[in-house]
Each structure stands twice: as C-alpha cells, then as structure tokens.
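J.: Would you mind keeping the following structure in view while I ask a few things?
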Amino acid sequence: MSLKLTNPIHGLYFTTSETTASFQYLAVEHGVLHWSATGLSYVLAAIGLFMIFELYVRSEYDTRPLGILTVLLGLPVVFDIVAIATPRLINFIYAPIGVAIFAVGVLLVFQERLLAVRTALPGSAASIYLDGDRRITDVSDEVVKLFPGIERAIGDPLSEALPEATPHLEAEGSIFELSKNDDMRYYLVETNPVGLADSEAQVLSFTDVTRLEKKRRQLHRRERELDTQNELYRAVLAASFDFVYRMDPDGRLTFVSPSVEDALGYEPEALVGDRADRLTPTNEASDQAHRYLDDVLDGESLQIQDFQLEHHDGKRVYADIRVVPIYEPGISEEERTAETIVGAQGMVRETMERHRRESLISVINRVLRHNVRNKLTIINGYAGRLSNDLDGKAATNADQIVDTADSLIELTESAREIAQVRSESYKLESHNVVPILDGVVTEIEEQYPNASISVDTPESAVAQTLPKIETAFVELLDNAAKHSGESPSIDLEVAVGTEWVTVTIADDGPGLPENERQALSVGTEEPLAHGSGLGLWLIYWVVTTLDGDIEVLEADQGTTVTINLPKSDL
C-alpha cells in the first residue's frame, strides 16, 4: 500500500499516459514493483492451494467436492496469465471470480464438510462424521481399523451402526472401552460441532488413551486399597484404643484423633501444638511422661499401664498407653537408629472400670491378708493351747481347728501372691531354669523327707521368663508331694526345643479332679465346683503372665503337668 501511495515519487509501481487510440483514455503501464508483488501473490496462493489439498488428503474424508471447488478457486489465475500474454482476452483480474465461486460453494453447499476437514487435523484421532440426524456421512481410515465394516454403514444412524458408542454422544469426555485380541483398549470420546448457526452436524472422535487410562485406573485401585487399609486401620484402632496421638521429639502433639473428645473432653484442634504433658494431672506424672518419651526416642516401645491423665473437666482418668517410635520415611528396619526417630505415636485405652475393679480387689486383699490373717493367727494360737490342755475328742477337735486355720492362712498367702502377680508389669529376660529348679527340689525334699524326686535336666535351659517362675515350680512340686501319699514319687524333666523350654512334673498320686484340672490349664472354675485352694490358680497366673502355657496331660495314674516357657535366643 505504501508503494502505491508513493508511486508519484518513484514511478516504479505504475505509470500513466494519455492515449487516443480508438478513444481517449488514460493508459496504465505496470512497473517492476507491480509485477514483483503480483508474482509473489501468485506464489503464495499456489502454496496455500497446495496446503489445502494436502489437508484434504490427510483428513481421510471424501473431499472430492471440496477439491473441485478449490480447483475453481485457482482456475481464474490462468485467465489472468493468458490475458497478459494475448490481447484476445481483456486484461482483467479474474481471480475474484474463483474466490466468489469457492465462497458460495462452501457457505451454501459444502459448509459442514469443510468444517469437518478443519476438525480432522493431521495426526488427529479416528473420527466419524455425523449429520444433524446423527447419520454417518463419512468415516476416517482409523475408525475403520477400530470398527471393521463401519464404512459400509455410511448413511445409517449411529445408533444402529455402532450402538455401543451412541451413549458417548451425550457424555462429553467419556472413556470408550474396546476389547481387541484379549487386549482392552481405552479411547477418549469427544464431539465437535462442524456447522454454523443452527447446524447439528458433528464429528465424533476417538483418541487412544490406553496408557494413561490404565495408569489412572491403577492409581484408582491403589487409592481404593489405601482407603480400605486406612479404614481397616481406623476400625482396629477404634476397637482397640480410645484415641491415638503423635508427637514430635520435643513432646509437642502433632496429631490427635477426633475420639479424644469422647475420652478426655478435648477437641483435637485444641491439643495440637501443645505439649503432651498438658494431659497429665500432676508434676510427678508429667516427669514420668518425659522419662517415657526419652525411652521411646532411644528406640524402645513401651506398654504403660494405668497411667494418670486429666479429663477436660479436671477428673483423673486412668489409661493403658502403648507408645512406639516413628522413624524417618524410607528407612529400612535394619537402618533404624535413634538418630532416625522423628517422633512417637501413642495409642490410649481408658481403664477406669478396670482400675475401679483392681482397687476393689486390692481392698479385699488387704482385708484378707491383714484382718482375716491376723484373726486366723489368733484362732490358731488359742486352738493350739486347747489341744495341749484337752484330751480325747476335745483335743482332736482342737487339732482340727488348728489344721483348718492353717489352711485358711495358706489361702490368704496364695491370694496375696496372686494379687502381686496380677499387679506387676514385667519385661521378660533370659534365665536358666535349671538352677531355679534345683533350688526348688532341695526345698521340697527338706519339707517332705519321705518324697522321692527324680530329676532329669540338661546343663542349661535358658528361657525368656522372670525369677518369679520359681513360685509356680514350688506350688506344683509342693502339691505333688503333699497329695501323693506317705512316700510320694515325683519325676521332674526339662527339655529344650526349638521354640520352648518344657518342664514336666509327674507324680503317682490320685490325680486332679476335673474342676482343678480346668483351673490349672485354662484358669476357669465352675461356680458350684470350687477347688481346694488358690495354689493352682497361682500357678496358672504366674505361668500365663510370663507368656508361657500350662497343660495337664492324661495319665493312667497320678498327675502329669507340663509348663512351656519361651526359649531364649541366647
């Protein structure tokens, strides 16, 4: 445009001259710039036509009508060239005629087909061309590969030719599943309008997204599995504990489960960020909590019983707390050290009912041990004097009183030992049970000189236990010696297996009644069938609290009892 406007100055675009040939008019002579611009325009037009034809070919649609229109678009250029070369045609620009024909043909006849070609860009997905009635008017080669034979359905409604794809017309961006040769493929279905104004023609395209969709489904499955595991974890925690918390190495709470509100009356948000000892009622409990945290940060896992906490309303709450260290993520179990610990997690179970029950038992035991025992001692003393002062049947009755009082005193002592076993917390240690048994055998032989005790033990039998296992051994051997006649015969054997250290004690006595066998082996007793004392219960509680088990074996004569204790790795 600037060259034309400045032509009066340089005269390179065109020149004019007056001529009178045939009639007087102003003749225009085109200059070098005009022919250069015209040539460039034709070259660019030729390139554009080539690109249009290339698009037709790569679109995979029937574009023959559009090809004819495009040829008509470029044909007038030939007339332009001929008009320049020969005077037989008027030297006139004919190109606009081709443009007009192309525009009319596209807008009024082949509008939707041209827009469909525009939609099916090179490298696009497999596509189906639909008219306003959702009839198939054309298909791409990629669609024929997906749905062989669909090219024969041109003119048919999509609902008949490909019913499984019809619902996807209304579900934009949906995933179409197609199984081929036992391989499931996934395609993203998209619809694109290809008409102007109120036209309902559209292109239905299928893009292969199998790799992405498989990854998405795999992630979805993992999320569901994780949700399931989290729900299982939550259910287990809810069933086993009243609330869960986490804290950092400084003792500040970083997480508290919502159930803390039911247990202690605090909202979890009010506790996060505070020190955990905020929940302790006394300075002593707070100091103990700090010591527990130090142990956990050293790598220990703790089981704390009846720890005192403070409810929001000021009441004291007793709870069992299991505390474990939290390690840095990605650290294998072999690489875990105290330096890789980043916090601690605690699981709390409220034990108020148990604490009340234990308190009641403690009171009863104190009364049984002190008041009743003291009274029995007095009765025993007076009965002994009467036995010495009286003769005949009266003396025999006095002796019976002494024996009964002795049995009751022994009963109170067993009750005291059971209460002590129940109340003690413990951590098993490695102990050689052979010297413990040797000491017990010596004690029983001194107490029952007529008893014959056969001992078969290895040099060493190291079990995970505590020294109080001696109480169970004493009770068993004492019971065997006491109830097996005037000259009891007892066999004691120790065997070391792969997992257990087994102690077997057999006597030749009358055997245990069924109710006492139950008390010894499973710790139960029928309400109307009471055993003769608490000694068997004491044996049961000692063994089971030390992670062992006890069994009464069937025997033709006498009683055979086995105690299994966890074998030590040492």
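The values are calculated or read from the model by the stated rules, or taken from the named source; none is laboratory data. Everything numeric here is computed off the predicted structure, so don't read it as measured data. Neighbour counts run over all protein chains shown; Cβ positions are idealised from the backbone, glycine included. Side chains are part of the model used for accessible areas, which takes the heavy atoms of the whole protein and leaves out ligands, DNA and RNA. Shrake-Rupley method; radii C 1.70, N 1.55, O 1.52, S 1.80 Å.
J.: Given the structure, is Tyr266 in a strand (DSSP E or B) and either surrounded by 11 or more Cβ atoms within 10 Å (Cβ to Cβ) or touching a Pro at 6+ places or on another chain (Cβ under 6 Å) (or both)?
T.: So Tyr266 fails the test.
J.: Looking only at the stretch 465-489, count how many residues are within 30 Å of Asp569 (Cα to Cα) and open to solvent by less than 50 Å² (accessible area, probe 1.4 Å).
T.: 11
J.: Return yes when Asp274 is of a type in the set (D, E, K, R), within 29 Å of the chain's Cα centre (by Cα) and open to solvent by less than 20 Å² (accessible area, probe 1.4 Å) and no when it is not.
T.: Taking the combined requirement at face value, the residue does not satisfy it.
J.: Only one of (1) open to solvent by 60 Å² or more (accessible area, probe 1.4 Å); (2) at pLDDT 90 or above is not met by Glu514, so which one is it?
T.: Condition not satisfied by Glu514: (2).
J.: While we're looking at this one, here's another question. Tell me, which strands (runs of 3 or more DSSP E) wholly within the stretch 137-210 include 3 or more residues that are farther than 15 Å from Ser127 by Cα?
T.: By residue number, 174-180, 183-193.
J.: Just to be sure I understand, how many residues within the stretch 284-317 are touching a residue at least 40 places away in the same chain (Cβ under 8 Å) and not in a helix (DSSP H, G or I)?
T.: 11
J.: Might you let me know whether the stretch 240-248 holds any residue that is open to solvent by 60 Å² or more (accessible area, probe 1.4 Å), at pLDDT 90 or above and either not in a loop (DSSP other than H, G, I, E, B) or not small (Gly, Ala, Ser) (or both)?
T.: yes
J.: Quick check on the stretch 215-223. Is at least one of its residues surrounded by 18 or more Cβ atoms within 10 Å (Cβ to Cβ) and either in contact with a Phe, Trp or Tyr (Cβ under 9 Å, 6 or more places away or on another chain) or free of Cβ contacts under 8 Å to residues at least 60 places away in the same chain (or both)?
T.: Within the stretch 215-223, none of the residues are surrounded by 18 or more Cβ atoms within 10 Å (Cβ to Cβ) and either in contact with a Phe, Trp or Tyr (Cβ under 9 Å, 6 or more places away or on another chain) or free of Cβ contacts under 8 Å to residues at least 60 places away in the same chain (or both).
J.: What number of residues in the stretch 249-263 are open to solvent by 60 Å² or more (accessible area, probe 1.4 Å) and hydrophobic (A, V, I, L, M, F, W, C)?
T.: Residues in the stretch 249-263 being open to solvent by 60 Å² or more (accessible area, probe 1.4 Å) and hydrophobic (A, V, I, L, M, F, W, C): 1 in total.
The rows are residues; the columns are (1) open to solvent by 30 Å² or more (accessible area, probe 1.4 Å); (2) at pLDDT 70 or above.
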position: Ile364; (1), (2): yes, no
position: Leu376; (1), (2): no, yes
position: Gly384; (1), (2): no, yes
position: Lys393; (1), (2): yes, yes
position: Thr404; (1), (2): yes, yes
position: Ser407; (1), (2): yes, yes
position: Lys427; (1), (2): yes, yes
position: Asn432; (1), (2): yes, yes
